[in-house]
């Protein structure tokens with residue numbers, strides 16, 4: 001992939017506000033509303049803005065839902081795990097999110113959006129058998145991909161071991177775990193590990209984790225979508241931390 005197309009005014013604004021380099025922005029000449037902030041930010045980043053007819057914008061965007069605004073960005077930069085550790089204050093009890101085989105780019109994008117809202121320091125994905133930072137994932141993230149570093153690694157088990165040596169504790173979502181609402185005090189540097197759609201966390205990775213937690217289900221449907229489960233787990237950690245600090 002040579003680069004990314006970012007569609008939608010909010011997504012393009014998020015990219016500009018994060019300081020991400022953009023090559024060009026196309027705006028439909030039919031778009032109404034205040035564009036002053038977007039144009040001002042683009043100019044401050046030396047990014048040209050071009051007004052084009054709807055037909056051209058539709059043609060360029062293809063299946064991307066552009067809402068009248070499209071930006072072209074250079075290829076995504078993935079972080080190295082050492083960069084993540086160097087930029088993370090371990091004393092602040094940071095949260096990392098590790099995704100073990102999430103293959104749907106929409107789920108990845110949703111989890112990036114949740115991670116940005118939850119203050120996650122980085123999202124870790126494997127380089128194989130996993131969704132990557134495609135146009136779809138970036139679009140669904142609604143700016144989350146600009147806010148949260150994405151670290152791509154070749155071996156999740158080795159990465160967990162490295163993070164544990166650096167002072168992190170790992171907790172995996174697992175059907176045999178304790179309820180997330182009870183039994184764990186979350187005031188420590190945390191790696192939250194989620195499995196892929198329908199697969200769960202791989203056994204070898206699960207065995208490396210310090211905790212196993214489950215979200216109790218009340219109805220007949222036995223499981224949550226991985227992006228929903230990630231949101232529930234991350235914000236339960238934040239809730240408990242806030243209550244414990246009062």
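The values are calculated or read from the model by the stated rules, or taken from the named source; none is laboratory data. Quick caveat: nothing in here was measured; it's all calculated off a predicted structure. Note that each Cβ is placed from the backbone with ideal geometry, even for glycine, and that neighbours are counted across all protein chains shown.
Got a sec? Which of 115, 145, 110 is closer than 30 Å to residue 221 by Cα and out of contact with any strand residue (DSSP E or B) (no Cβ under 8 Å at 6 or more places or on another chain)?
On inspection, the qualifying residue turns out to be 110.
Residues that are loosely packed, with under 13 Cβ neighbours inside 10 Å and assigned by TED's automatic domain parsing to the domain that holds residue 134: find the strands (runs of 3 or more DSSP E) completely inside region 12-123 holding 3 or more of those.
In region 12-123, no matching strands (runs of 3 or more DSSP E) lie anywhere.
Name every residue in region 200-238 that is surrounded by fewer than 18 Cβ atoms within 10 Å (Cβ to Cβ) and under 20 Å from the mean Cα position of the chain (by Cα), in order of residue number.
Result: 224, 225, 228, 232, 235, 236, 238.
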